[in-house]
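Step one of this worksheet: look at the structure below.
The values are calculated or read from the model by the stated rules, or taken from the named source; none is laboratory data. Every value quoted in this text rests on a predicted model; they were computed, and no experiment measured them. Please note: Cβ atoms are built from the backbone with ideal geometry, for glycine as well, and neighbour counts cover all protein chains shown. These area figures cover heavy atoms from the full protein model, side chains too; ligands, DNA and RNA do not enter into them. Shrake-Rupley method; radii C 1.70, N 1.55, O 1.52, S 1.80 Å.
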Amino acid sequence: ACARVSDGGGTLRETLLTDPEVALTPGEVDAALDPTGYLGSAEAFVDRALRAHTDRP
């Protein structure tokens, strides 16, 4: 879906809602694209970056 948006324009939301292989309702797509939901993973990403940085020789 991301490649189609990149190649053809439009938005990821529009592409996901019109893709017959994506079985999500408009509400589910909106929830998946809501950036406030991304904050829950921030700690894990920071920990992974710190480990990668501190594990270097």
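Pick out, from GLY8, ALA49, THR25, the residue whose Cα sits farthest towards the positive end of the charge dipole of the chain, with +1 on the Cβ of Lys and Arg and -1 on the Cβ of Asp and Glu.
Among GLY8, ALA49, THR25, the one farthest towards the positive end of the dipole of the chain is ALA49.
Just one of (i) 124; (ii) 98; (iii) 133 is volume of the Cα convex hull per residue in Å³ as worked out from the coordinates here. Which one is it?
(i)
Along Cα→Cβ, 7 Å out, is where each label goes; now give me the distance between the ones at ASP47 and VAL5 in nm to one decimal.
So the two model labels end up 2.8 nm from each other.
With +1 on the Cβ of every Lys and Arg and -1 on the Cβ of every Asp and Glu, and nothing else charged, how large is the dipole of the chain about its Cα centre, in debye rounded to the nearest 20?
Details: 5 positive and 10 negative charges, 63 e Å.
So the dipole magnitude of the chain works out to roughly 300 debye.
How much accessible area per residue does the chain have, in Å², with a 1.4 Å probe?
82 Å²
Please give the peptides 9-16, 27-34, 46-53 ranked by average Cβ packing (other Cβ atoms within 10 Å per residue), highest first, as a rough proxy for protection.
9-16, 27-34, 46-53
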